[in-house]
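I have placed the structure first, in the form of structure tokens, so that the comments after it can refer back to it.
The values are calculated or read from the model by the stated rules, or taken from the named source; none is laboratory data. Here the structure is a predicted model, which means the values were calculated and not measured. A quick note on method: Cβ atoms are made from the backbone with ideal geometry, for glycine too, and the neighbour counts reach across all protein chains shown. For accessibility, only protein heavy atoms count, side chains too; no ligands or nucleic acids. Shrake-Rupley method; radii C 1.70, N 1.55, O 1.52, S 1.80 Å.
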Amino acid sequence: MENFSLSRCELIQLSEDTFIVTFNERIDFEPTQFIMIETETSIVRKPFGLGRWNDRLAIGVQVIGPGTAYMVQQEKLYAHGPCGRGFVPPEGRGAVIATLACLPMVFDLQERYNCDVLIGSVDEPWIEVPFPLVVGDEAFLKMLQSLNGYDWFLVIGSDQMEKIAYDALKNKGEVFVSFNEYMACGIGACRGCAKVTKHGLKHLCIDGPVLRGEEVWN
Ligand SMILES: Cc1cc2nc3c(=O)[nH]c(=O)nc-3n(C[C@H](O)[C@H](O)[C@H](O)COP(=O)(O)OP(=O)(O)OC[C@H]3O[C@@H](n4cnc5c(N)ncnc54)[C@H](O)[C@@H]3O)c2cc1C
Ligand code: FES
């Protein structure tokens, strides 16, 4: 765990509200680990999944409030990390289902684990996405129904999208979910990210963010 400053290399707009920020620095991290980024809009740092884009360290940012709006305006960001456990997939053929803001994370995952990646987006992206992509809820559901022959799935996105994907996939293979609990410290100190699971209380910043879906949902 380190503190670092990150200088922006590129800001790539993916849609009305979603961006990729690439950085000049390099950080060693494992897939699905995240950093806690300082904003001037809150005393609490904000978690963002680490990934790669254009051969650089990168994060995806969906602007949903003051902290994310601040982040895409800054040339320099201050953060600590990497936080969380890296995701290590089980044996077999895997598919990662993610939203547009997760592109850098899933790009890194695919390079490391040679899994398939499928992106679900609310809007048509403004750039060409290097993975199969579906736009809209109906197309997303159809895509989930068409996924067969996989041993495991990893779902990364919003709470609602993750639950829909879990319900559609739970009988087709082992489903892992990157949970979006509120995080304040990212290091297991504040207990803010506690999640009740079938195996007791877990703190997602140190035990996650990825858990088996069945640990949390039926
Ligand atoms: C492990 C993890 C990885 C994440 N990775 C990404 C990512 O790669 N790209 C991305 O766009 N978003 C990611 N998020 C979500 C991102 O952290 C929130 O969207 C961001 O903190 C919102 O801040 P805001 O000030 O813009 O919005 P606010 O107006 O402060 O809040 C809007 C909503 O964002 C969520 N949120 C706010 N603060 C936090 C916090 N400290 N911790 C968790 N959620 C919060 C809450 O659901 C809240 O209702 C991740 C969340 C987690 C838990
Ligand atoms: S965010 Fe503080 S304990 Fe997890």
Q | Glu91-Ser7 pseudo-label distance in nm [points 7 Å out on the Cα-to-Cβ vector] | A | 4.8
(Q) Just to check, using Stokes-Einstein with a Kirkwood Rh over alpha carbon pairs, what's the diffusion coefficient of region 89-218 at 4 °C and 1.567 mPa s in µm²/s? (A) 85
Q: Give me the orientation-averaged projected area of the Cα convex hull of the chain, in nm², one decimal.
A: 11.3
Q | Theoretical FRET efficiency, 1/(1+(r/R0)^6), r = Cβ-Cβ of Ile27 and Asn54, R0 22 Å, to 0.05 | A | 0.90
Q: For the chain, with a Gaussian network of springs between Cα atoms less than 10 Å apart, report the residue from Leu204, Leu100, Leu11 with the top mean-square fluctuation.
A: Leu11
Q.
Helix-only estimate, please: 222 nm mean residue ellipticity of the chain, summing -39500 (n - 2.57) across DSSP H runs of length 4 or more and dividing by its residues, to the nearest 500.
A. -5500 deg cm²/dmol
Q | Accessible surface of the chain [probe 1.4 Å, protein heavy atoms]: carbon and sulfur percent | A | 47
Q. Accessible area per residue of region 125-168 at 1.4 Å probe, in Å²?
A. 54
Q: Could you calculate the contour length gain from Asp137 to Glu16, that is, 0.36 nm times the residue separation minus the distance between their Cα atoms, to one decimal place in nm?
A: 41.8 nm
Q.
Using 0.36 nm times the number of residues separating Thr41 and Asp123, minus their current alpha carbon distance, what extension gain do you get?
A. 26.8 nm
Q) Build a GNM of the chain with springs between Cα atoms under 10 Å: which of Ile164, Ile27, Ile64 gets the top mean-square fluctuation? A) Ile64
Q: Put one equal scatterer on each alpha carbon of region 1-107, apply the Debye formula with no solvent term, and list log10 I(q)/I(0) at q = 0.10, 0.11, 0.13, 0.23 1/Å to two decimals.
A: -0.26, -0.32, -0.45, -1.38
